1. Can you tell me the Rg and Dmax of the range 57-140, counting just the alpha carbons, in angstroms?
2. About the Cα centre of the range 17-116, what is the dipole size in debye to 20, counting +1 per Lys and Arg Cβ and -1 per Asp and Glu Cβ, all else neutral?
3. What are the residues whose amide H is under 5 Å from the amide H of Val64, where those residues sit 5 or more places off or on another chain and H is modelled from the backbone?
4. Which order do Ile52, Ile175 take when ranked by solvent-accessible area (1.4 Å probe, heavy atoms of all protein chains), largest first?
5. Would you list the P(r) distribution for the chain, with all Cα-Cα distances sorted into 10 Å bins from 0 and each bin expressed as a whole %?
6. Looking at the chain, what % of its DSSP beta bridges pair antiparallel, to the nearest 5?
7. Counting heavy atoms of the protein chains only and a 1.4 Å probe, report the per residue accessible area for the chain as a whole number of Å².
8. Have a look at Phe108, Ala174, Ser87 and report the one farthest towards the positive end of the charge dipole of the range 45-179, computed about the Cα centre with Cβ charges (Lys/Arg +1, Asp/Glu -1).
Amino acid sequence: KSKARFKILKWGRRVGKTWLEAYTEGKWALEKPGGKFWYVTKTLSLARDEFIPALLNILPQECVARFNEQKLSVTLKNRSTITAKSSEKEDNLRGRGLDGLVVDEAAFLRERIFDQILRPQLGHSKGPAIIASSAKKGWFTRLFNQAAKGDDSTHFASHATIYDSSLDADEIAAIKAKT
């Protein structure tokens, strides 16, 4: 519900990051005809196996014009597109203007991918972004900690753990014992 432009989500496993990302990006695309939206994560298999199915499940079918399985791109009838991208070849992410962006498992991407490549592409539109990840030390945690201070109204921080998920206590204990 935050009105902040940049939402930094430090959420653990099985909390619902993918569903929130799909819902939010779908909402943005439905509200901005002709908009260009990206979902960027470490590998295309994560996008193909998790995000795209969630997005296609959430979007009203009557709003979808076509789905390009090869490009992992959904075009809506209002001409907006949502495309899944991998950070593996960072040069393939350069030079485009975006209207909104989701960066998933951000802590596992190189810092420059967000700061120097993706963030500037929101400049013309002043579009929103969700930067989400499970916890890992590094640039993402620094960004989260800065947002959590609340000094910048353009950034919002949210934290959730596996204990906030729908998993029962026995299952969490079994997972915790192995990780």
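The values are calculated or read from the model by the stated rules, or taken from the named source; none is laboratory data. Everything numeric here is computed off the predicted structure, so don't read it as measured data. Heads up, the Cβs are rebuilt from the backbone with ideal geometry, glycines too, and the neighbour counts pull from every protein chain shown. Accessible surface is based on the protein model in full, side chains and every heavy atom, while ligands, DNA and RNA are left aside. Shrake-Rupley method; radii C 1.70, N 1.55, O 1.52, S 1.80 Å.
1. For the range 57-140, the Cα-based Rg and Dmax read 14.1, 42 Å.
2. That gives a dipole near 360 debye.
3. Amide H neighbours of Val64: Lys77.
4. If we order Ile52, Ile175 from most to least accessible, we get Ile175, Ile52.
5. 10, 37, 37, 14, 2
6. On the way: 7 of 31 bridges.
Around 25 percent of the beta bridges assigned by DSSP in the chain are antiparallel ones.
7. In whole numbers, the chain has 56 Å² accessible per residue.
8. Of the candidates, Ser87 comes out farthest on the positive side.
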